[in-house]
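Undergrad: The structure is given below, and queries will be raised subsequently.
The values are calculated or read from the model by the stated rules, or taken from the named source; none is laboratory data. This structure is a prediction, so every number in the text was calculated from the model and none was measured. As a convention, Cβ positions derive from the backbone with ideal geometry for all residues, glycine included, and neighbour counts pool all protein chains shown.
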Amino acid sequence: MVGKMNRRPTFYNESFTVDAGGGPTGTITEQWQAWAEIENRTGNTYAAQATELTQYDYRVKVRFDGRFTSNTTMIYEGQVCKCQSMTIETEGYKNYLVLRFSKTDTWLDLS
């Protein structure tokens, strides 16, 4: 399994507050990198058994970590990706999270 987890994207969680103008302002509360197995998907929406399935661009498998939430954002190959779903997968004694992300923006590092 270690051989497939060969990518190290950045993940972050953020919280939102209301600024003086009444608009939401996001603040990154925690940021980390994790080894991941990333599968690039088509991102198409399709119907299966009368249910429309959510489109996503990346299927990401990581070791279970309590920092991941359904609102975790991923930065991968210059793309900002929002989590669409999160499930737990068990292999023996190890728990993994399988997250599905969709691209939203291009990441610009201004530092």
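Undergrad: When you go through (1) out of contact with any Lys or Arg (no Cβ under 6 Å at 6 or more places or on another chain); (2) at pLDDT 90 or above; (3) surrounded by 12 or more Cβ atoms within 10 Å (Cβ to Cβ); (4) not polar (S, T, N, Q) one by one for I88, which number turns out not to apply?
TA: So I88 meets the others, but not (3).
Undergrad: Could you say whether any residue in segment 80-97 is in a strand (DSSP E or B), in contact with an Asp or Glu (Cβ under 8 Å, 6 or more places away or on another chain) and under 13 Å from E37 (Cβ atoms)?
TA: Checking segment 80-97: at least one residue is in a strand (DSSP E or B), in contact with an Asp or Glu (Cβ under 8 Å, 6 or more places away or on another chain) and under 13 Å from E37 (Cβ atoms).
Undergrad: Taking the condition of being among the small types (G, A, S) and either within 13 Å of the chain's Cα centre (by Cα) or surrounded by 11 or more Cβ atoms within 10 Å (Cβ to Cβ) (or both), how many residues in segment 1-25 meet it?
TA: 1
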